[in-house]
1. Just to be sure I understand, how many residues within the stretch B:118-165 are open to solvent by less than 30 Å² (accessible area, probe 1.4 Å), over 18 Å from B:PHE303 (Cβ atoms) and among the small types (Gly, Ala, Ser)?
2. Restricting attention to the stretch B:248-273, which residues are at the interface with chain A (Cβ under 10 Å from one of its Cβ atoms) and aromatic (Phe, Trp, Tyr)?
3. I'd like to know if the stretch A:45-68 contains one or more residues that are touching a Lys or Arg at 6+ places or on another chain (Cβ under 9 Å) and among the polar types (S, T, N, Q).
4. Of the numbered conditions (1) open to solvent by less than 10 Å² (accessible area, probe 1.4 Å); (2) within 17 Å of the chain's Cα centre (by Cα), B:TRP241 fails exactly one; give the number of that condition.
5. With the structure loaded, tell me whether B:ARG33 is part of a loop (DSSP other than H, G, I, E, B), of a type in the set (D, E, K, R), open to solvent by 10 Å² or more (accessible area, probe 1.4 Å) and touching a residue at least 24 places away in the same chain (Cβ under 8 Å) or whether it fails that test.
6. Tell me, please, whether a residue that is under 16 Å from B:VAL124 (Cβ atoms), surrounded by fewer than 16 Cβ atoms within 10 Å (Cβ to Cβ) and either modelled with pLDDT of 90 or more or β-branched (Val, Ile, Thr) (or both) can be found in the stretch B:411-433.
7. Looking at B:TYR170 and the list (1) open to solvent by 10 Å² or more (accessible area, probe 1.4 Å); (2) of a type in the set (Ser, Thr, Tyr); (3) farther than 30 Å from B:ALA299 by Cα, which single condition is not satisfied?
8. Identify, please: which residue in the stretch A:46-82 is within 25 Å of B:LEU237 (Cα to Cα) and more than 18 Å from the chain's Cα centre (by Cα) and is, among those, most open to solvent (accessible area, probe 1.4 Å)?
Amino acid sequence: MSSTAEPAEHTARRRPIWTEPGIILLTVLLVMSAVIFTWWPKEPHPGGIALVGWLMFATMPVSIALTGIYVIWMERREKARA
Amino acid sequence: MAENIRLTESLIVAVYLLAMIGIGIYFSKRAQRSEDQYWTAGRNINSFVGGVALFAALASASSLMGAVGGGVSLGLPFLMTYGFAATAILPFVVFLVSGQIRRTGVRTLPEYFKIRYNKAVAGVAAVIVVIAMTFYMVPQLTASGLIGGYVLGWEFNTAVIVLGIGFTLYAALGGMWAITYTDLIQGLVMVTGLAIVATVIWVQHDGAFNLIEEALAVDPELGDISQHWMTYFGIFLAFLWFGVISPSAVMRNFASKSAKVARRSAFVAAILYASVFVFGFMMAAAGARMGIIGDLDNADMVFLHVIEAYLPPLVAGILLAALISAIMSSADAMLLAISAGVSQDIYKEFINPEAREKTVVRLGLVVMFVAVGVGIVITLAEPGLIAVMVGWVGGALLSAFGFPIVLGIWWKRANAAGAMAGMLGGGITFVILVSGEYFALVAEPIIAAPVSLVLMITVSLLTAPPPQHIQDQVDLMHTDVPDRVEA
């Protein structure tokens, strides 16, 4: 496996894993999911549907937001390094 | 259903199919120029086109018919689990894989395994890709048959064969170029069509909450959790990982112009995918309100009944095209993965390393027709519940590929022996659990994936670490250097 990138940039050190935007945001995503599955509120039924159903639906905009935050975060980091 | 509806919808589908094949012909010359052009569209796809195409590849028949059918028959929380998991695919894949794997510069998933681990791991991966993607086509073809039979008045077998050959034609001719641009159209048609039907339902029932109330009056258990929690968790796990482990989805990253474009594409796809489940929720509630689920042979058919009940024939025809879009845009990407698996990763790597590029591309083209033929034969013999079949394939891929892919990117110490142990151990455990029916529906990956993880870590630690140059390349996937790390 060889690279066609600039040699100087090849020596760039990898960031510590816990500072990676992907790992930080992944933790948020997983904690959110873990809360839903451990709590698992089958009752009450707001609007006639089990609360856990609504919680799962409410994660959809959160997932979109996390993806957007990651995209912007990574582009800023790359720009800062350039 | 009136005859004129069948005629209108048949015409729309025919025009639609011809247009897709036309796109395949348009891109055929460019695509067949080289392996890079055929499998990755010359790595030249931009964010918007890539995003819509990624969404279209992920939003399969399961996302539409399966989720709506499951929502009506097993309760709306079942559909909401689909929405939860499917939308989370995109952040999950973009955090862990998209940009990083794009930097490797590979063309296929087995090629990634080759440069990260070794040729043997790549070979096993290629075989799993071919088998899994062939089986994953079955639910797509099943959906083709159901739609063709019900709406167009065709025999199930005829619809499966005609629509199957239809998407194979343009995929085989135009490779990733045709697949991406047909997926762009299909994705947009799909979202627009579903938005129309959801809006009509909303207006007719004066809002979502009124609709839910009416649906609950027909089926008081519609809002309940009807299955063991493991079923929901199994669906969540299988879906969450799908963008990471499905070769048909991962290949989209390889076609992106850069790591940055791959990430932006995932963002576009997340928005579109979430919208599908919001619209699907309206359709499921409307379907439940109709009170027909007990009369249907297959719960997935409720999707078509809702369209028929709420839309005039012409608009219904467009939505039918949207549904066929969902099937084709997932199945074409699977075909490409199978084709690359056989011709690039097995034939060129193990049988004829000196093969010319054009020979490999032509072999790939032939493989697509063989693969769809096999898929059709299996579909005609064993049509089953779409959502369950999708869950099984997703579960199998997760059990075999999930950790070898992710740890390959994030853990330098992961080595070839560990990857092989994880891949085989997870895959075999999954097969044993499915065969024995020990668990709740689609819950096998809850056991099989951790088995893969434990095996991979243990065996990696017990054997020699990977060579230094491989470990350096793992670092390179995470730095901000321009991508294009070439094999």
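The values are calculated or read from the model by the stated rules, or taken from the named source; none is laboratory data. Being a predicted model, the structure only gives us computed values, none of them experimental. Here Cβ is always computed from backbone atoms with ideal geometry, including for glycine, and neighbour counts include all displayed protein chains. For accessibility, only protein heavy atoms count, side chains too; no ligands or nucleic acids. Shrake-Rupley method; radii C 1.70, N 1.55, O 1.52, S 1.80 Å.
1. The qualifying residues number 6.
2. Result: B:PHE267, B:TYR273.
3. Quick first cut of the stretch A:45-68, residues touching a Lys or Arg at 6+ places or on another chain (Cβ under 9 Å) only: A:50-52, A:67.
Among the residues that remain, those that are also among the polar types (S, T, N, Q) are: A:67.
Scanning the stretch A:45-68, I find at least one residue that is touching a Lys or Arg at 6+ places or on another chain (Cβ under 9 Å) and among the polar types (S, T, N, Q), so the answer is yes.
4. So the condition that B:TRP241 fails would be (1).
5. Numbers: part of a loop (DSSP other than H, G, I, E, B): yes; of a type in the set (D, E, K, R): yes; open to solvent by 10 Å² or more (accessible area, probe 1.4 Å): yes; touching a residue at least 24 places away in the same chain (Cβ under 8 Å): no.
No; evaluated as a whole, the condition is false for this residue.
6. At the first step, the residues of the stretch B:411-433 found to be under 16 Å from B:VAL124 (Cβ atoms) are B:414-431.
Right, trim to surrounded by fewer than 16 Cβ atoms within 10 Å (Cβ to Cβ) and you get B:428, B:431.
Right, trim to either modelled with pLDDT of 90 or more or β-branched (Val, Ile, Thr) (or both) and you get B:428, B:431.
Yes, the stretch B:411-433 contains a residue that is under 16 Å from B:VAL124 (Cβ atoms), surrounded by fewer than 16 Cβ atoms within 10 Å (Cβ to Cβ) and either modelled with pLDDT of 90 or more or β-branched (Val, Ile, Thr) (or both).
7. (1)
8. Going through the qualifying residues, I end up with A:TRP54.
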